[in-house]
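Q: First the structure, then my questions, so here it is.
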């Protein structure tokens, strides 16, 4: 994949910054907002390289929170909205390079701010949602608590069977849609109050 990047992306990139750390103070919040932009060009374009096993849709680039955060950091730092590009390296039988250009608008930043508000409320209230078992950081070698975590299936972990009580069947099953509706209501209630 590095040869693909070397031949098809790198010749056209004019880097100004590599691994550029930016942070901004968020007035009214107990923390600052920061991130590390992988690559920024001389003209301000922010680029991020992704290796994919199939060609992503344009929606991937348009909806990804990572680029929204990068664009917000650059805008708050310099006052300029950057051009955003994902350099996608497609790892299939015939490798290919697919650059996906995207941009962010006020609606994207509004959603980002709502997510920051929700995260702030969760932190202040001590509410921490568990990772999904499919998340890369949920595993025996990436999480200190994995062996005793009650959110990991017993069949996936080695733990003291006394540490976590046996699961009991749920009498009144609730649909996933109902669970999502309840969580959404709680999040919006906490944001409004």
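Every number in this text was worked out from the coordinates using simple rules, so none of it is lab data. Note that this is a predicted model, so its numbers are computed, not measured. Neighbour counts are summed over all protein chains in view; Cβ atoms, including those assigned to glycine, are modelled from backbone coordinates with ideal geometry.
Q: Within 10 Å of each residue's Cβ, count the other Cβ atoms and sort 60, 31, 128 from fewest upward.
A: 128, 31, 60
Q: For a footprinting-style exposure proxy, rank 74, 124 by other Cβ within 10 Å, fewest first.
A: 124, 74
Q: Take the alpha carbon gyration tensor of region 2-125, find the square roots of its eigenvalues, order them as a ≥ b ≥ c, and report rounded if a/c is under 1.5; if not, report prolate when a/b exceeds b/c, else oblate.
A: Prolate, because a/c is 1.5 or more and a/b exceeds b/c.
Q: Got a sec? How would 108, 53 order by Cβ neighbour count within 10 Å, fewest to most?
A: The most exposed by this proxy come first: 53, 108.
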